[in-house]
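Take a look at the structure below.
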Amino acid sequence: MSDHVERIDRTLVRRGAIIDIYEDTVRLPDGSCEKWDFVAHRMGAACVVPVTPEGRILLVRQYRPALDRYTWELPAGCRDAVDEPTDITAKREMEEETGYTSDDIRPLLSLKSTVAFCNELIDVYLAMNIVRVKEQSLDPAEEISMKLWELQDILDEIYAGRLQDAKTVAGILAYANTLSRSDHNA
């Protein structure tokens, strides 16, 4: 008996604009075969934790059809091309969604959003000392509002289960951790 799972077939079910949906046939360690779904995210994405000089964090609110509700999230979006550096993506998405920019953008973490069935990779950045330089530049289908938050208020929303977006939770917790570590090193 084998001690690993082996993919023996992958069939494209549907090609989308940024994702492809596949049905995988896998052989399990006991020798039986199963059908598993797989979502391939072709572009990758970037997300940014935008922090004002006063230490407030800018979140965006937008409708998410998968949840059938509005959510508060960090600004984020897909790369324009597979080879686009994600720091460029993060800065562009922040400017488009909020009108803010920063000259101090640094990597915070990388995450796979939903490892059970999707390979999407999101690089999360920290943008310090953001400044408003223009109006939002939204796509025709986008309706995005924004709000400046205190870190503790966002943490309260996370721990109350009201803020559940994975990239936002991960980005905020990573940012809070960097603050905690810098406080201990001061």
Relative packing of 110-120, 171-181, which averages over residues the other C-beta atoms within 10 Å, highest first = 171-181, 110-120
Considering the convex hull of the alpha carbon atoms of the chain, report its projected area averaged over all viewing directions, in nm², one decimal.
-> 13.8
Other-chain or far-sequence residues with amide H under 5 Å of Ser110's (modelled H) = Val124
Nearest 20 debye, what's the magnitude of the dipole of the chain about its Cα centre given +1 on Lys and Arg Cβ and -1 on Asp and Glu Cβ?
-> 60
Estimated 222 nm signal from helices in the chain, with DSSP H stretches of n ≥ 4 weighted -39500 (n - 2.57), rounded to 500 | -7500 deg cm²/dmol
Can you sort Glu84, Glu97, Glu157 so the residue with the fewest Cβ neighbours within 10 Å comes first?
-> Glu84, Glu157, Glu97
Highest mean first, what order results for 133-141, 68-76, 36-44 on Cβ atoms within 10 Å?
-> 68-76, 36-44, 133-141
What are the residues whose amide H is under 5 Å from the amide H of Val49, where those residues sit 5 or more places off or on another chain and H is modelled from the backbone?
-> Tyr125, Leu126, Ala127
How would you order 99-108, 20-29 from highest to lowest mean count of nearby Cβ atoms within 10 Å?
-> 99-108, 20-29
Among all lysine pairs in the chain that are eight or more places apart or on different chains, how many have alpha carbons less than 19 angstrom apart?
-> 6
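Computed from the coordinates by the stated procedures, all read-outs in this text should not be read as laboratory data. Computed from a prediction, not measured in an experiment: that's the story for all the values here. Counting neighbours? That spans all protein chains shown, and the Cβs are built from the backbone with ideal geometry, glycine included.
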